[in-house]
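These notes concern the structure reproduced below.
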Amino acid sequence: MVQGKRSGGSPRWLAAMMLVVAIGGCGDDGAGGGTPESRDNVTYVTAFGAVGRDAFVWVAKEKGYFDEAGIDVTIQKGAGNVQNLTMIKSNQAQFGALDFTGAVIQAGTGKFTEWRAVAAVHQQTLVSIMTTDGTGITKPVDLRGKTVATGAGSVSELLFPAYAKLAGLDPATVKLQGVQATALTGLMAQGRVDALSTFLLSRKALETASKKQVVVLPYSDYLKDLFGNAIIARADLISSDRDLVERFTTAALKGLRYTIEHPQEAAEILNRAEPTAAVPAAVGEIEAMKPYVGGSPGHFDEARVKAGIDELVNAGLMPVGLTPAKVVDGSFVK
């Protein structure tokens, strides 16, 4: 005889067990993206450290966008194009961010070719001349006879001669001083150089350090078809697992859109993950990059990619022969 059975009904213990099974079966197939065994584990390397321009990947992680896509992401802090491309090449990272123009030059000269950009973070290059009030520099030709500090070996240094020539300035009349990128703001704030050639996202940091108004002369005024940062993936991963690349790209771009729409919250998310990332500085970078993200985040215009390659070839930074298909796969951004 079974105890606890009601007339015309099921045993109480059986009903309870069925309820437990029903509840337990609801948890693994929802927004969490499946069981741990079915999830993809990838490593992503930021463009440079933990700063506002890279906040979107931490936002995508905290907001659950990667989780919804069935992806577990390990975020590593990058140190510029060469290190990031080396990590991609050696499969230490499957995805990353970097300066697209610098990466194109690397591909065009045959140094790093194992990657493809899958989404544009910035629709134009953010490389700019920055100086402070009192230097007398308000236009490119004012740099004649001046000292300009730039990151040694950086895309800023590589592009300066092309920018100068297009702006009507003989680059030979400017003393270009290559230094550690982390030293740039201090050199300008201390008045040890006349200007910087760097990314305009550092504007807020320079204003804070110098306590002066900052003058910005964007390279994009003359080099109009060069993109800024981009999200990249290993080329062989695109070939072998397009679904993973699409899920990753979609989640990252959701993070980018949220970051642009909520700079303060995004900066706070970044600070919680990386306490050395000061919230005001991160907010300043996010707000500065907003106009460059554009109305269709992630989109690559192939004609502009081709025109940008031509600009780099004409500047003598790489030989002819590179095609957009060798550096971009725009099919992941709808």
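Please count how many residues of the stretch 200-223 are touching a Ser or Thr at 6+ places or on another chain (Cβ under 7 Å) and either under 30 Å from Lys306 (Cβ atoms) or not polar (S, T, N, Q) (or both).
Selection size over the stretch 200-223: 14.
Select from the stretch 279-293 the residues that are surrounded by 15 or more Cβ atoms within 10 Å (Cβ to Cβ) and touching a residue at least 24 places away in the same chain (Cβ under 8 Å) and list them in ascending order.
Scanning the stretch 279-293 gives Ala281, Ala282, Val283, Gly284, Glu285, Ile286, Glu287, Ala288, Met289, Tyr292, Val293.
Does the stretch 312-321 contain at least one residue that is assigned by TED's automatic domain parsing to the domain that holds Trp58, among the polar types (S, T, N, Q), at pLDDT below 95 and not in a helix (DSSP H, G or I)? Explain how you work it out, then say what you get.
To start, the set of residues in the stretch 312-321 that are assigned by TED's automatic domain parsing to the domain that holds Trp58 comprises 312-321.
The next check asks that each one be among the polar types (S, T, N, Q); those that pass are 314.
Remaining after also requiring at pLDDT below 95: 314.
Restricting the remaining residues to those that are not in a helix (DSSP H, G or I) gives none.
No, the conditions are met nowhere in the stretch 312-321.
Restricting to the stretch 164-183, count the residues that are outside any loop (DSSP other than H, G, I, E, B), of a type in the set (A, V, I, L, M) and within 25 Å of Met318 (Cβ to Cβ).
Looking only at that region, the number is 6.
Tell me which helices (runs of 4 or more DSSP H) are completely within the stretch 191-273 and hold 2 or more residues being in the same structural domain as Gly136 (by TED's automatic domain parsing) and of a type in the set (Ser, Thr, Tyr), or say none if there are none.
Correct list: 203-210.
Checking the condition under 13 Å from Asp54 (Cα atoms), within 20 Å of the chain's Cα centre (by Cα) and buried (at least 17 other Cβ atoms within 10 Å of the Cβ), which residue from Ala205, Ala233, Ala251, Ala266 passes?
Of Ala205, Ala233, Ala251, Ala266, the one residue that is under 13 Å from Asp54 (Cα atoms), within 20 Å of the chain's Cα centre (by Cα) and buried (at least 17 other Cβ atoms within 10 Å of the Cβ) is Ala266.
Identify the residue in the stretch 308-334 that is in contact with a Leu (Cβ under 9 Å, 6 or more places away or on another chain) and aliphatic (A, V, I, L, M) and, among all such residues, is surrounded by the most Cβ atoms within 10 Å (Cβ to Cβ).
Ile309
Looking for something among the acidic types (Asp, Glu) and under 22 Å from Tyr292 (Cα atoms) - is there at least one such residue anywhere in the stretch 245-265?
Within the stretch 245-265 (the criterion being among the acidic types (Asp, Glu) and under 22 Å from Tyr292 (Cα atoms)), the answer is yes, since at least one residue qualifies.
For the stretch 78-100, how many residues meet the condition of being at pLDDT 95 or above and under 23 Å from Gln124 (Cα atoms)?
Here the count works out to 4.
So, in the stretch 43-55, of the ones that are assigned to a loop (DSSP other than H, G, I, E, B) and aliphatic (A, V, I, L, M), which residue ends up nearest to the chain's Cα centre (by Cα)?
Filtering the stretch 43-55 for residues assigned to a loop (DSSP other than H, G, I, E, B) gives 46-47, 49-51.
After this cut, where a residue has to be aliphatic (A, V, I, L, M) as well, the list is 47, 50-51.
Working: Ala47: 5, Ala50: 11, Val51: 10 Å.
Ranking the candidates gives Ala47 first.
Name the single residue that is farthest from Pro218 (Cα to Cα) among those in the stretch 166-198 being touching a Phe, Trp or Tyr at 6+ places or on another chain (Cβ under 9 Å) and in contact (Cβ under 8 Å) with a residue 40 or more places away in the chain.
Taking the candidates together, the pick is Ala181.
The values are calculated or read from the model by the stated rules, or taken from the named source; none is laboratory data. This structure is a prediction, so every number in the text was calculated from the model and none was measured. For neighbour counting, all protein chains shown are included, and Cβ atoms are generated from backbone atoms with ideal geometry for every residue, glycine included.
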